[in-house]
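The values are calculated or read from the model by the stated rules, or taken from the named source; none is laboratory data. From a predicted model like this one, the values you see are computed outputs, not experimental measurements. When we count neighbours, we look across all protein chains shown, and the Cβ atoms used for this are built from the backbone with ideal geometry, even at glycine. Side chains are part of the model used for accessible areas, which takes the heavy atoms of the whole protein and leaves out ligands, DNA and RNA. Shrake-Rupley method; radii C 1.70, N 1.55, O 1.52, S 1.80 Å.
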Amino acid sequence: MDEQRALGLPPIDDEYQGPSWWHLSRLGEARTSPGMRRVASLMLAVLGVATLTGILNVTLDWNALPLRLGPFEVPVTVYPPFVLSLLAAVWVGPTWGLVPAYAANLAGALVSGLRPWSAVLFALAGALEVLIFWGSMVTLNISPDLRRWRDARRFFLVCLIAPITASLAILLWTNARGLDTTEGLRVWRGWVIGDVLQALLIVAPLLHLAGPKVRAWIDLQFATPPRYEVTYTRTALLAALTFGMIAVLVFVGIAELSSSLELDPAARTRSGQLLVERLGEMQLYLGVLVASLSVAAFVFSTVLARMGERQRSLSRRESLTGCFNRRAFYELFPREVERARRLGWGVALVFMDIDHFKAINDRFGHETGDRVLQQLSARLRGLIRETDLLFRWGGEEFVVLMPHTRPGEARVLGERIRAAVAERPFAATEARPRVPVTVSVGVAFTSSWPVDPDALLASADAACYQAKERGRNQVSEAA
């Protein structure tokens, strides 16, 4: 993988990718897609079970159950909706996990006696925890199958952070249930310890042992490929949303706690001011601080996101044609190969070289040559599949990466490209002559794992050279 090292990229074996995901809007395809109907049915079952167990958590009082560990006794909360929601988020997508998490928390809060508006805010805690888990796995590039020790270590770190952050809703719960400070702290510890243990002892083993088969089955149900990356802009919005949710929970919780103190309206501070009025001022200042921090976080996150998005786009795209460049190939290749392997399909490369391109530049000028390249890339985009990826490999060389494909499909695409290029001349404008163009095409396919990207490229390049040797404007397939 010499080219990859020359580009400053890590070896393929060291590549990681976080969870893949589909948008919840894909449910609209359930009318026409049997696979989506199966996914919808499964998600409805998850939603129903999560909501039911959320209610049982309250009615059967599964909060802060005593667990004896030798000489120690620790409180542990059993909360199945957390397990179901986190698995749905990692295997299908964040919104697929946020919905059952919020619904279960909301149902449990209403049954427990929280006022409706307090229950609506309290339910954010469950969704916040799932969002932090999923966002951390994407940001830290944690494999959803926890394949390596580095993934496991990072997942363990997230298990410590997410439950503590989401447990801030304890302020609302303590006030609504009329718990004293000691009991409230015991329940809080039960929430944190319970979620940490469930994540480590239930979620992590399921991700590692059942994850590959489950994700492969889910892949087959969707007609479109999943997304693997979150843009910088969306990352910034998620960060601002998470910070805002935390701030709201803290602010409302403190306000609820203050109102439950039952202070004497005539009570005064040492300076003689009414204590109730001073507490009200403190709440106002806290609200202004929370709002200011939220706005500042959103503004700075958005600015940084746009800068990062622009830099990332420039680093992965070739400026003349807008195609992906070589660096992007080595970033995207492992992702597509992994999905093809899970689906049991193959992966193929189509390597194209414009015939006599130097003669075109010499006869018509480099400006016309550039226009030919631009028009060719546009024509290629209209010929490849939605799931295929187009790269400009060299001066007049292009590569199409065909993920999750079957034997013979690459040659069919190569022949379609060859015919479409030769059919119509390029650069047909008033200022420039009509330039006839042909391409020689080489294709290489494999379904053997692991796949060396450079070896597959070499096979496709050799097939392209063979097509040129046979007279150009031909398609040749690697043996």
Test: residue in the range 80-96 that is more than 30 Å from Gly28 (Cβ to Cβ) and touching a residue at least 60 places away in the same chain (Cβ under 8 Å): no
Failed condition for Val347, given (1) of a type in the set (A, V, I, L, M, F, W, C); (2) open to solvent by 20 Å² or more (accessible area, probe 1.4 Å); (3) under 32 Å from the mean Cα position of the chain (by Cα): (2)
Scan of the range 428-445 for residues that are open to solvent by 30 Å² or more (accessible area, probe 1.4 Å) and either within 44 Å of the chain's Cα centre (by Cα) or modelled with pLDDT of 90 or more (or both), ordered by number: Ala428, Thr429, Pro436, Thr438, Phe445
Unique match (being surrounded by fewer than 15 Cβ atoms within 10 Å (Cβ to Cβ) and among the acidic types (Asp, Glu)) among Glu415, Glu397: Glu415
Residue identified as of a type in the set (D, E, K, R) and assigned to a loop (DSSP other than H, G, I, E, B) among Glu415, Glu386: Glu386
Residues satisfying the stated conditions in the range 418-427, i.e. surrounded by 14 or more Cβ atoms within 10 Å (Cβ to Cβ) and within 26 Å of Trp345 (Cβ to Cβ): Arg418, Ala420
Failed criterion for Val203 (all others in (1) modelled with pLDDT under 75; (2) part of a helix (DSSP H, G or I); (3) surrounded by 15 or more Cβ atoms within 10 Å (Cβ to Cβ); (4) among the aliphatic types (A, V, I, L, M) hold): (1)
Number of the condition not met by Arg470 [criteria: (1) open to solvent by less than 60 Å² (accessible area, probe 1.4 Å); (2) of a type outside the set (A, V, I, L, M); (3) free of Cβ contacts under 8 Å to residues at least 40 places away in the same chain]: (1)
Single condition Leu314 does not satisfy, out of (1) modelled with pLDDT under 85; (2) in contact with a helix residue (DSSP H, G or I) (Cβ under 8 Å, 6 or more places away or on another chain); (3) of a type outside the set (S, T, N, Q): (2)
